[in-house]
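K.L.:
Questions regarding the structure given below will be posed in turn.
The values are calculated or read from the model by the stated rules, or taken from the named source; none is laboratory data. Just so it is clear, the structure is predicted and the values come from calculations on it, not from any experiment. Cβ placement follows ideal geometry from the backbone for every residue including glycine, while neighbour counts extend to all protein chains displayed.
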């Protein structure tokens, strides 16, 4: 492979890293221009601090790499801003966003719109904004981006506008269908709140969380998310 496979200082975030052999790191990054990419950072564990200390989740980075095989090789790394300081619940929310990107986006598929939403979501988590609202906005934007956007404004069978006082059975492959109240139904006010980015009360917040978890699980093929398991262990 030649010069065409060299990528110089692309805006990126580190989604996940793990040790590779004795002194290297295997990195999964999310790049504005290249999407999700796997890199090897050769010798990153040699010495103290330096590149290893910079290569952390939630830190805005500029990364360069050369693709001469799989994985590509990291050639340069620079900070492009202050890392988002996350702890407690916001930290686990950040891990959740990272895992969704890794699980739902194919490699080398650019999504600059989601890159921007991700940056904004990290800023909201670090800034103390409501966690549920931040997560729901990100989930909806990501699903829309990959072609699985939710119908939130109209009944999928009748075409009638969603009414806030009614209850709906949300069928993942179809959309909401008016139904009698039940354990799995959601209020119209929840669907409209998701659509408008403002959930009016605790009932809608809880229903939205339950609905989005079911939709995400469907698109993951039922495979559990490690970030959820970590959060459950943290709460215990």
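K.L.:
For residue 185, which of the numbered conditions (1) over 30 Å from residue 32 (Cβ atoms); (2) surrounded by fewer than 16 Cβ atoms within 10 Å (Cβ to Cβ) fails to hold?
P.N.:
Result: residue 185 fails condition (2) only.
K.L.:
Could you check region 51-71 and list, in sequence order, the residues that are over 18 Å from residue 33 (Cβ atoms), in a loop (DSSP other than H, G, I, E, B) and either at pLDDT below 90 or in contact with a helix residue (DSSP H, G or I) (Cβ under 6 Å, 6 or more places away or on another chain) (or both)?
P.N.:
58, 68, 69, 70
K.L.:
Ok, one more. Would you pick out the residues in region 197-236 that are surrounded by fewer than 18 Cβ atoms within 10 Å (Cβ to Cβ), closer than 19 Å to residue 161 by Cβ and over 20 Å from the mean Cα position of the chain (by Cα)?
P.N.:
200
K.L.:
Quick test of your reading of the structure: residue 46 fulfils all but one of (1) in a loop (DSSP other than H, G, I, E, B); (2) assigned by TED's automatic domain parsing to the domain that holds residue 141. Name the failing condition by number.
P.N.:
Residue 46 satisfies all of (1) in a loop (DSSP other than H, G, I, E, B); (2) assigned by TED's automatic domain parsing to the domain that holds residue 141 except (2).
K.L.:
Could you tell me which numbered condition residue 208 fails, if it satisfies all but one of (1) closer than 18 Å to residue 183 by Cα; (2) free of Cβ contacts under 8 Å to residues at least 60 places away in the same chain; (3) out of contact with any strand residue (DSSP E or B) (no Cβ under 6 Å at 6 or more places or on another chain)?
P.N.:
It fails just one condition, (2).
K.L.:
Residue under question is residue 59, and the condition is that it be farther than 17 Å from residue 106 by Cα and surrounded by 16 or more Cβ atoms within 10 Å (Cβ to Cβ); does it hold?
P.N.:
Against the criterion (farther than 17 Å from residue 106 by Cα and surrounded by 16 or more Cβ atoms within 10 Å (Cβ to Cβ)), residue 59 qualifies.
K.L.:
For region 6-16, state whether one or more residues are on the phi > 0 side of the Ramachandran plot and more than 23 Å from the chain's Cα centre (by Cα).
P.N.:
No, region 6-16 contains no residue that is on the phi > 0 side of the Ramachandran plot and more than 23 Å from the chain's Cα centre (by Cα).
K.L.:
Still on this structure: For region 148-171, enumerate the residues that are closer than 28 Å to residue 103 by Cβ and either at pLDDT below 95 or part of a strand (DSSP E or B) (or both).
P.N.:
168, 169, 170, 171, listed by residue number.
K.L.:
Ok, one more. Here are some residues: 139, 107, 33. Which one is at pLDDT 90 or above, touching a helix residue (DSSP H, G or I) at 6+ places or on another chain (Cβ under 8 Å) and surrounded by fewer than 18 Cβ atoms within 10 Å (Cβ to Cβ)?
P.N.:
The unique qualifying residue is 33.
K.L.:
Can you pull out every residue in region 75-90 that is closer than 21 Å to residue 44 by Cβ, assigned to a loop (DSSP other than H, G, I, E, B) and in contact (Cβ under 8 Å) with a residue 40 or more places away in the chain?
P.N.:
Answer for region 75-90, where residues must be closer than 21 Å to residue 44 by Cβ, assigned to a loop (DSSP other than H, G, I, E, B) and in contact (Cβ under 8 Å) with a residue 40 or more places away in the chain: just 80.
K.L.:
Okay, next question. Please state which of the following conditions residue 39 fails to meet, knowing it meets all the rest: (1) closer than 30 Å to residue 143 by Cβ; (2) touching a residue at least 60 places away in the same chain (Cβ under 8 Å).
P.N.:
The one condition residue 39 does not meet is (2).
K.L.:
On to the next question. Exactly one of (1) outside the structural domain of residue 230 (by TED's automatic domain parsing); (2) farther than 23 Å from residue 225 by Cβ is unmet by residue 84. Its number?
P.N.:
Of the numbered conditions (1) outside the structural domain of residue 230 (by TED's automatic domain parsing); (2) farther than 23 Å from residue 225 by Cβ, the odd one out for residue 84 is (2).
K.L.:
Here is a list of conditions, (1) assigned to a strand (DSSP E or B); (2) in contact (Cβ under 8 Å) with a residue 24 or more places away in the chain, and residue 177 meets all of them except one; can you say which number that is?
P.N.:
(2) is the only condition that residue 177 fails.
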